[in-house]
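Structure record follows, encoded as structure tokens.
The values are calculated or read from the model by the stated rules, or taken from the named source; none is laboratory data. Not measured: the values here are computed from a predicted model. Here the Cβ is made from the backbone with ideal geometry for all residues, glycine too, and neighbour counts use every protein chain on show. Surface areas here come from the heavy atoms of the whole protein model, side chains and all, with no ligands, DNA or RNA. Shrake-Rupley method; radii C 1.70, N 1.55, O 1.52, S 1.80 Å.
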Amino acid sequence: LTGFTIHGRSIRQVELDNALKSSMEDAMTLLLYEEGCPKNEREWLSGFYKSLEIQINSASDLTVNILEADMEAGILSVEATLDWTHPIGTRGSVSNTMTVIMEEYEE
């Protein structure tokens, strides 16, 4: 059970890190195209959250705190936390904070 507890924590941390990175990249990609671009910030963040939620496959509770979101400036900063119960009955938690800033380049 101790092995499952330690292994479960590291698996969930990797799962959260990968899902968060991918979802934030997806959210920024949406801003690059006219077609399919979210109409407002609420729609944009909803799409981000749905993308993140789909990628979390473990039996965990997902909490997302939006620290900063600005579609016009291309900034998204979030803190995500996964909470679950270990096989031995104790609660576990992992979290990650990530910020993405879209830059425009001149050709």
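Annotations
- Residue count, the stretch 61-98 (criterion: outside any strand (DSSP E or B), of a type in the set (Gly, Ala, Ser) and out of contact with any helix residue (DSSP H, G or I) (no Cβ under 8 Å at 6 or more places or on another chain)): 2
- Scanning the stretch 9-66 for residues that are of a type in the set (A, V, I, L, M), surrounded by 12 or more Cβ atoms within 10 Å (Cβ to Cβ), under 15 Å from Met98 (Cα atoms) and out of contact with any Gly (no Cβ under 8 Å at 6 or more places or on another chain) turns up Leu16, Ala19, Leu20, Met24, Leu45, Leu52, Val64, Ile66.
- Members of the stretch 27-43 found to be in contact with a helix residue (DSSP H, G or I) (Cβ under 9 Å, 6 or more places away or on another chain) and either outside any loop (DSSP other than H, G, I, E, B) or modelled with pLDDT of 85 or more (or both), listed by number: Ala27, Leu30
- Test: residue in the stretch 84-97 that is open to solvent by less than 60 Å² (accessible area, probe 1.4 Å), within 30 Å of Arg9 (Cβ to Cβ) and free of Cβ contacts under 8 Å to residues at least 60 places away in the same chain: yes
- For the stretch 67-82, the condition holds for at least one residue, the condition being that it is open to solvent by 80 Å² or more (accessible area, probe 1.4 Å), at negative phi and either in contact with an Asp or Glu (Cβ under 6 Å, 6 or more places away or on another chain) or modelled with pLDDT of 85 or more (or both).
- Val100 being surrounded by 13 or more Cβ atoms within 10 Å (Cβ to Cβ) and over 18 Å from Ile6 (Cα atoms): yes
Matching residues to (1) assigned to a loop (DSSP other than H, G, I, E, B); (2) more than 15 Å from Ile75 (Cα to Cα); (3) hydrophobic (A, V, I, L, M, F, W, C):
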residue	(1), (2), (3)
His7	no, yes, no
Ile11	no, yes, yes
Val14	no, yes, yes
Ala19	no, yes, yes
Glu25	no, no, no
Leu45	no, no, yes
Tyr49	no, yes, no
Ser58	yes, yes, no
